[in-house]
1. For ALA32, which of the numbered conditions (1) open to solvent by less than 60 Å² (accessible area, probe 1.4 Å); (2) modelled with pLDDT of 95 or more; (3) out of contact with any helix residue (DSSP H, G or I) (no Cβ under 8 Å at 6 or more places or on another chain) fails to hold?
2. Can you run down the residue pairs with Cβ atoms below 7 Å, 6 or more apart or on separate chains, where the first is in region 114-128 and charged (D, E, K, R) and the partner is surrounded by 13 or more Cβ atoms within 10 Å (Cβ to Cβ) and at pLDDT 90 or above?
3. Based on this model, can you work out whether HIS95 counts as open to solvent by 50 Å² or more (accessible area, probe 1.4 Å) and either touching a Gly at 6+ places or on another chain (Cβ under 7 Å) or not in a helix (DSSP H, G or I) (or both)?
4. Which numbered condition trips up ALA90, out of (1) part of a helix (DSSP H, G or I); (2) open to solvent by 50 Å² or more (accessible area, probe 1.4 Å); (3) modelled with pLDDT of 85 or more?
5. Would you call ALA2 surrounded by fewer than 17 Cβ atoms within 10 Å (Cβ to Cβ), among the small types (Gly, Ala, Ser) and modelled with pLDDT under 80?
6. Would region 74-91 turn up any residue that is within 25 Å of ARG9 (Cα to Cα), touching a residue at least 60 places away in the same chain (Cβ under 8 Å), touching a helix residue (DSSP H, G or I) at 6+ places or on another chain (Cβ under 9 Å) and among the basic types (Lys, Arg)?
Amino acid sequence: MAFKETLERKKEKIVRRWLDGALSLYVRDASAAFARQKDQFANPVGHSLREGTLAIFEALIEGQGAEKIRQHLVEIIKIRAVQQFSASEALGFIHRLKEIVWEETNADQGETEISAEFLMFEKGVDEVMLVAFDIYVECREQVFEIRSKELKRRVSWIVDKLNKRESGPELVGADLDNESPRA
């Protein structure tokens, strides 16, 4: 049996194991909820991972390039980039796919039968990992830019209030804590 056919036949099991591995990063209760809840609005993390892992795996089977897979990665990586995960934690699930595929396909066929095709599949996963890393860095840069702008805005507001306080008697004794920088 050809490698691609083996992947197609075992797709559900491979994707389930891959999804379980991606969810294992979360605490046990959250991981179980993400896996159980199917509603995309009640469970955007689980939905993105479930839909994305399936779509990425199918694209890899078809030999689509990593850039074609990018759209499926973006939704998963955006969520993980704003969570408190290191890059290796956020993206490690991608690398795990190679191990899962090897275990599942090697059980049916000898190493020599699938090694060339597996190496091509592995190369595709490596390309996906690189694209995912680029997406992760872009998302983290956006997060830091937003945080930086918010910090600058707050500092500017405080400086303005302090300057007004020093320049006019009407603000002497005013309580800065009662005013919001968003006002």
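The values are calculated or read from the model by the stated rules, or taken from the named source; none is laboratory data. Since the model is a prediction, treat every value here as computed from it, not as a measurement. Neighbour counts are summed over all protein chains in view; Cβ atoms, including those assigned to glycine, are modelled from backbone coordinates with ideal geometry. Note: accessible area is taken over every heavy atom of the protein model, side chains too, but ligands, DNA and RNA are not part of it. Shrake-Rupley method; radii C 1.70, N 1.55, O 1.52, S 1.80 Å.
1. It is condition (2) that ALA32 fails.
2. Going by the 7 Å Cβ cut-off, the qualifying pairs are GLU122/LYS98.
3. Taking the combined requirement at face value, the residue does not satisfy it.
4. (2)
5. Spelling it out, it is not the case that ALA2 is surrounded by fewer than 17 Cβ atoms within 10 Å (Cβ to Cβ), among the small types (Gly, Ala, Ser) and modelled with pLDDT under 80.
6. No, every residue in region 74-91 fails to be within 25 Å of ARG9 (Cα to Cα), touching a residue at least 60 places away in the same chain (Cβ under 8 Å), touching a helix residue (DSSP H, G or I) at 6+ places or on another chain (Cβ under 9 Å) and among the basic types (Lys, Arg).
Residue-wise test of (1) more than 14 Å from LYS78 (Cα to Cα); (2) modelled with pLDDT of 95 or more; (3) surrounded by 13 or more Cβ atoms within 10 Å (Cβ to Cβ).
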residue: GLN109; (1), (2), (3): yes, no, yes
residue: ILE114; (1), (2), (3): yes, no, yes
residue: GLU117; (1), (2), (3): yes, no, yes
residue: GLY124; (1), (2), (3): yes, no, yes
residue: ILE135; (1), (2), (3): no, yes, yes
residue: PHE144; (1), (2), (3): no, no, no
residue: LYS149; (1), (2), (3): yes, no, no
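Table: residues versus (1) open to solvent by less than 70 Å² (accessible area, probe 1.4 Å); (2) among the aromatic types (Phe, Trp, Tyr); (3) more than 23 Å from GLY124 (Cα to Cα).
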site: ASN43; (1), (2), (3): yes, no, yes
site: SER48; (1), (2), (3): yes, no, no
site: THR53; (1), (2), (3): yes, no, no
site: LEU60; (1), (2), (3): yes, no, no
site: GLY63; (1), (2), (3): yes, no, no
site: GLU67; (1), (2), (3): no, no, no
site: ARG70; (1), (2), (3): yes, no, no
site: VAL74; (1), (2), (3): yes, no, no
site: PHE85; (1), (2), (3): yes, yes, yes
